[in-house]
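Here the structure is laid out as C-alpha coordinates; the discussion comes afterwards.
The values are calculated or read from the model by the stated rules, or taken from the named source; none is laboratory data. Not measured: the values here are computed from a predicted model. Cβ placement follows ideal geometry from the backbone for every residue including glycine, while neighbour counts extend to all protein chains displayed. Heads up: the accessible areas ignore ligands, DNA and RNA and are worked out on the full protein's heavy atoms, side chains in. Shrake-Rupley method; radii C 1.70, N 1.55, O 1.52, S 1.80 Å.
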Amino acid sequence: PGEPARCFASESHLDEIASALGADPVEFRLRYLGENNRLREVLLAATKKAGWQTRPSPAPASRGSRVTGRGVAIVDRSNTMVAVVAEVEVDKSNGKVAVQRITVAHDCGLIINPDGLKNQIEGQVIQGVSRTLLEEVHFDASSVKSLDWKTYPVLRFQDVPDTEIVLISRPEMPAFGGGEATIVPMPAAIGNAVFDALGVRLREVPLTPQRILSALKDGASRTPRA
(Lines give C-alpha, C1' and ligand atoms only; values in the text may rest on other atoms or scores of the structure.)
Protein backbone atom coordinates (compact mmCIF):
# COMPACT_ATOMS: atom_id res chain seq x y z
CA PRO A 1 0.00 0.00 0.00
CA GLY A 2 2.87 2.41 0.54
CA GLU A 3 4.66 1.82 -2.73
CA PRO A 4 2.90 4.50 -4.86
CA ALA A 5 3.86 7.12 -2.24
CA ARG A 6 7.43 5.83 -2.05
CA CYS A 7 7.75 5.78 -5.83
CA PHE A 8 6.20 9.25 -6.11
CA ALA A 9 8.87 10.61 -3.77
CA SER A 10 11.86 8.78 -5.24
CA GLU A 11 11.00 9.19 -8.93
CA SER A 12 10.08 12.86 -8.44
CA HIS A 13 13.41 13.42 -6.72
CA LEU A 14 15.28 11.70 -9.55
CA ASP A 15 13.58 14.07 -11.96
CA GLU A 16 14.60 17.05 -9.83
CA ILE A 17 18.23 15.96 -9.86
CA ALA A 18 18.16 15.41 -13.63
CA SER A 19 16.60 18.84 -14.13
CA ALA A 20 19.20 20.52 -11.94
CA LEU A 21 21.93 18.88 -14.03
CA GLY A 22 20.28 19.77 -17.34
CA ALA A 23 19.94 16.06 -18.17
CA ASP A 24 17.14 14.26 -19.98
CA PRO A 25 15.09 12.30 -17.39
CA VAL A 26 15.35 9.03 -19.33
CA GLU A 27 19.05 9.34 -20.07
CA PHE A 28 19.68 10.15 -16.41
CA ARG A 29 17.89 7.00 -15.22
CA LEU A 30 19.70 4.83 -17.75
CA ARG A 31 23.00 6.22 -16.49
CA TYR A 32 22.45 4.74 -13.02
CA LEU A 33 20.50 1.52 -13.62
CA GLY A 34 23.71 -0.50 -13.52
CA GLU A 35 23.19 -4.16 -14.41
CA ASN A 36 19.40 -4.13 -14.07
CA ASN A 37 18.88 -4.99 -17.72
CA ARG A 38 15.18 -5.82 -17.33
CA LEU A 39 14.38 -2.41 -15.89
CA ARG A 40 16.54 -0.80 -18.56
CA GLU A 41 14.63 -2.70 -21.26
CA VAL A 42 11.17 -1.63 -20.07
CA LEU A 43 12.32 1.97 -19.84
CA LEU A 44 13.63 1.91 -23.40
CA ALA A 45 10.54 0.09 -24.67
CA ALA A 46 8.10 2.55 -23.10
CA THR A 47 9.94 5.66 -24.24
CA LYS A 48 10.36 4.30 -27.77
CA LYS A 49 6.64 3.51 -28.00
CA ALA A 50 5.78 6.96 -26.66
CA GLY A 51 8.08 8.72 -29.13
CA TRP A 52 10.15 10.32 -26.36
CA GLN A 53 12.25 13.28 -27.54
CA THR A 54 15.50 13.77 -25.64
CA ARG A 55 15.70 17.07 -23.74
CA PRO A 56 15.84 18.26 -20.13
CA SER A 57 12.76 19.09 -18.09
CA PRO A 58 10.96 21.42 -17.73
CA ALA A 59 9.95 22.10 -21.31
CA PRO A 60 10.67 25.56 -22.72
CA ALA A 61 7.98 27.98 -21.59
CA SER A 62 5.14 28.36 -24.07
CA ARG A 63 2.55 31.07 -24.52
CA GLY A 64 -1.12 30.63 -23.77
CA SER A 65 -2.95 29.10 -20.86
CA ARG A 66 -2.70 25.47 -22.04
CA VAL A 67 0.69 23.79 -21.75
CA THR A 68 1.80 20.21 -22.32
CA GLY A 69 4.40 18.00 -20.74
CA ARG A 70 5.68 14.45 -20.51
CA GLY A 71 7.03 12.49 -17.58
CA VAL A 72 8.48 9.08 -16.87
CA ALA A 73 8.73 6.79 -13.87
CA ILE A 74 9.94 3.22 -13.33
CA VAL A 75 9.55 0.56 -10.69
CA ASP A 76 10.84 -2.88 -9.74
CA ARG A 77 7.96 -4.33 -7.75
CA SER A 78 8.63 -7.85 -6.48
CA ASN A 79 10.57 -8.69 -9.65
CA THR A 80 7.96 -7.19 -12.01
CA MET A 81 9.46 -4.30 -13.98
CA VAL A 82 7.29 -1.42 -15.20
CA ALA A 83 8.01 1.85 -16.97
CA VAL A 84 5.30 4.48 -17.48
CA VAL A 85 5.36 7.54 -19.72
CA ALA A 86 2.61 10.09 -19.07
CA GLU A 87 1.61 12.92 -21.40
CA VAL A 88 -0.50 15.72 -19.94
CA GLU A 89 -2.09 19.04 -20.77
CA VAL A 90 -2.49 21.60 -18.00
CA ASP A 91 -4.77 24.63 -18.18
CA LYS A 92 -2.99 27.30 -16.16
CA SER A 93 -6.13 29.43 -16.01
CA ASN A 94 -8.05 26.94 -13.88
CA GLY A 95 -5.44 24.40 -12.77
CA LYS A 96 -7.07 21.41 -14.46
CA VAL A 97 -4.79 18.55 -15.50
CA ALA A 98 -5.82 16.28 -18.36
CA VAL A 99 -3.84 13.07 -18.83
CA GLN A 100 -3.90 12.55 -22.58
CA ARG A 101 -1.85 9.39 -23.07
CA ILE A 102 -0.20 6.74 -20.91
CA THR A 103 2.41 4.35 -22.31
CA VAL A 104 3.30 1.30 -20.24
CA ALA A 105 6.08 -1.25 -20.78
CA HIS A 106 5.60 -4.30 -18.56
CA ASP A 107 7.86 -7.27 -17.76
CA CYS A 108 6.43 -9.74 -15.24
CA GLY A 109 8.55 -12.69 -16.35
CA LEU A 110 6.55 -15.45 -18.02
CA ILE A 111 3.28 -14.09 -19.47
CA ILE A 112 0.58 -16.78 -19.37
CA ASN A 113 -2.45 -14.77 -20.55
CA PRO A 114 -1.47 -11.63 -22.50
CA ASP A 115 -5.06 -10.42 -22.92
CA GLY A 116 -5.79 -10.81 -19.22
CA LEU A 117 -2.56 -9.00 -18.37
CA LYS A 118 -3.48 -6.10 -20.65
CA ASN A 119 -6.86 -5.89 -18.92
CA GLN A 120 -5.09 -5.69 -15.56
CA ILE A 121 -2.74 -2.97 -16.80
CA GLU A 122 -5.54 -0.89 -18.33
CA GLY A 123 -7.50 -1.06 -15.09
CA GLN A 124 -4.48 0.09 -13.12
CA VAL A 125 -3.92 2.98 -15.54
CA ILE A 126 -7.51 4.18 -15.04
CA GLN A 127 -7.36 3.84 -11.27
CA GLY A 128 -3.88 5.37 -11.19
CA VAL A 129 -5.00 8.46 -13.10
CA SER A 130 -8.07 8.73 -10.88
CA ARG A 131 -6.07 8.51 -7.67
CA THR A 132 -3.43 10.93 -8.93
CA LEU A 133 -5.84 13.65 -10.06
CA LEU A 134 -8.99 13.29 -7.96
CA GLU A 135 -9.24 10.83 -5.11
CA GLU A 136 -8.78 12.23 -1.60
CA VAL A 137 -10.50 11.51 1.69
CA HIS A 138 -11.42 14.65 3.65
CA PHE A 139 -12.12 14.52 7.37
CA ASP A 140 -12.25 16.73 10.44
CA ALA A 141 -11.84 16.00 14.14
CA SER A 142 -15.15 14.22 14.33
CA SER A 143 -15.77 12.32 11.10
CA VAL A 144 -14.94 11.52 7.47
CA LYS A 145 -16.45 14.07 5.08
CA SER A 146 -15.98 12.16 1.81
CA LEU A 147 -19.24 10.26 1.70
CA ASP A 148 -20.38 10.12 -1.94
CA TRP A 149 -19.19 10.51 -5.54
CA LYS A 150 -19.46 14.31 -5.27
CA THR A 151 -17.25 14.58 -2.20
CA TYR A 152 -15.03 11.69 -3.38
CA PRO A 153 -14.90 12.05 -7.18
CA VAL A 154 -13.43 9.40 -9.46
CA LEU A 155 -12.30 9.51 -13.08
CA ARG A 156 -15.11 9.68 -15.65
CA PHE A 157 -15.21 7.94 -19.01
CA GLN A 158 -14.47 11.10 -21.01
CA ASP A 159 -11.25 11.65 -19.03
CA VAL A 160 -9.75 8.17 -19.51
CA PRO A 161 -6.46 8.60 -21.39
CA ASP A 162 -5.35 6.78 -24.51
CA THR A 163 -3.29 3.82 -23.34
CA GLU A 164 -0.46 2.03 -25.13
CA ILE A 165 0.99 -1.19 -23.70
CA VAL A 166 4.20 -3.04 -24.51
CA LEU A 167 4.45 -6.52 -23.01
CA ILE A 168 7.83 -8.19 -22.60
CA SER A 169 7.55 -11.93 -21.96
CA ARG A 170 10.39 -13.97 -20.51
CA PRO A 171 9.49 -17.67 -20.87
CA GLU A 172 12.66 -18.70 -19.06
CA MET A 173 11.45 -16.98 -15.87
CA PRO A 174 8.60 -17.63 -13.42
CA ALA A 175 5.38 -15.60 -13.68
CA PHE A 176 5.95 -12.79 -11.17
CA GLY A 177 2.47 -11.29 -11.47
CA GLY A 178 0.94 -8.15 -12.94
CA GLY A 179 -1.86 -7.36 -10.52
CA GLU A 180 -0.54 -4.17 -8.89
CA ALA A 181 2.78 -3.15 -10.38
CA THR A 182 1.56 -0.63 -12.99
CA ILE A 183 -0.29 1.59 -10.53
CA VAL A 184 2.87 2.15 -8.46
CA PRO A 185 4.70 4.56 -10.84
CA MET A 186 1.55 6.25 -12.17
CA PRO A 187 1.46 9.23 -9.73
CA ALA A 188 5.18 9.84 -10.24
CA ALA A 189 4.98 9.76 -14.04
CA ILE A 190 2.01 12.15 -14.07
CA GLY A 191 3.64 14.43 -11.48
CA ASN A 192 6.83 14.56 -13.53
CA ALA A 193 4.78 15.40 -16.63
CA VAL A 194 3.08 18.26 -14.79
CA PHE A 195 6.50 19.56 -13.75
CA ASP A 196 7.64 19.33 -17.35
CA ALA A 197 4.61 21.34 -18.47
CA LEU A 198 4.59 24.00 -15.75
CA GLY A 199 8.11 24.21 -14.38
CA VAL A 200 6.75 23.91 -10.83
CA ARG A 201 7.01 20.83 -8.65
CA LEU A 202 4.02 19.46 -6.75
CA ARG A 203 4.86 17.29 -3.77
CA GLU A 204 1.42 16.04 -2.82
CA VAL A 205 -1.32 14.13 -4.63
CA PRO A 206 -4.01 14.34 -5.81
CA LEU A 207 -2.95 17.02 -8.27
CA THR A 208 -6.14 19.00 -7.87
CA PRO A 209 -6.77 22.34 -9.61
CA GLN A 210 -6.42 24.08 -6.25
CA ARG A 211 -2.96 22.60 -5.68
CA ILE A 212 -1.89 23.42 -9.23
CA LEU A 213 -3.00 27.05 -8.91
CA SER A 214 -1.35 27.34 -5.49
CA ALA A 215 1.93 25.93 -6.85
CA LEU A 216 1.86 28.36 -9.76
CA LYS A 217 1.16 31.26 -7.41
CA ASP A 218 3.86 30.35 -4.94
CA GLY A 219 6.50 29.50 -7.54
CA ALA A 220 7.01 26.07 -5.96
CA SER A 221 9.98 25.21 -8.20
CA ARG A 222 13.26 27.07 -8.25
CA THR A 223 14.22 25.52 -11.57
CA PRO A 224 14.64 28.23 -14.23
CA ARG A 225 12.80 27.66 -17.49
CA ALA A 226 14.46 27.95 -20.87
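Ligands, DNA and RNA left out, the accessible area of the chain computed with a 1.4 Å probe is 53% carbon and sulfur.
Across q = 0.11, 0.16, 0.18 Å⁻¹, the chain modelled as identical point scatterers on its alpha-carbon atoms has Debye log10 I(q)/I(0) values of -0.53, -1.08, -1.32, in the order of the q list. Restricting attention to the chain, the count of lysine pairs at 8 or more positions apart or across chains with alpha carbons under 28 Å apart stands at 11.
Placing pseudo-labels 7 Å out from each Cα toward the beta carbon at A5 and S169 gives an inter-label distance of 3.8 nm.
Just the number, please: percent antiparallel of the DSSP beta bridges in region 76-164, rounded to the nearest 5.
Details: 14 of 17 bridges.
DSSP beta bridges in region 76-164 are roughly 80 percent antiparallel.
Positive contributions from Lys and Arg (+1) and negative ones from Asp and Glu (-1), summed over other residues with Cβ under 12 Å from the Cβ of L155, come out at 0. Between R101 and N119, the modelled label-to-label distance comes to 2.7 nm, taking each label 7 Å out from Cα in the direction of the beta carbon.
Here the Gaussian network model covers the chain, with springs between Cα atoms less than 10 Å apart; of H138, H13, H106, H138 fluctuates the most.
In square angstrom, what is the accessible area per residue of the chain with a 1.4 angstrom probe?
With all protein chains present, the chain gives 51 Å² per residue.
Over region 129-170, Cα pairs under 8 Å with separation of 6+ residues give a relative contact order of 35 percent.
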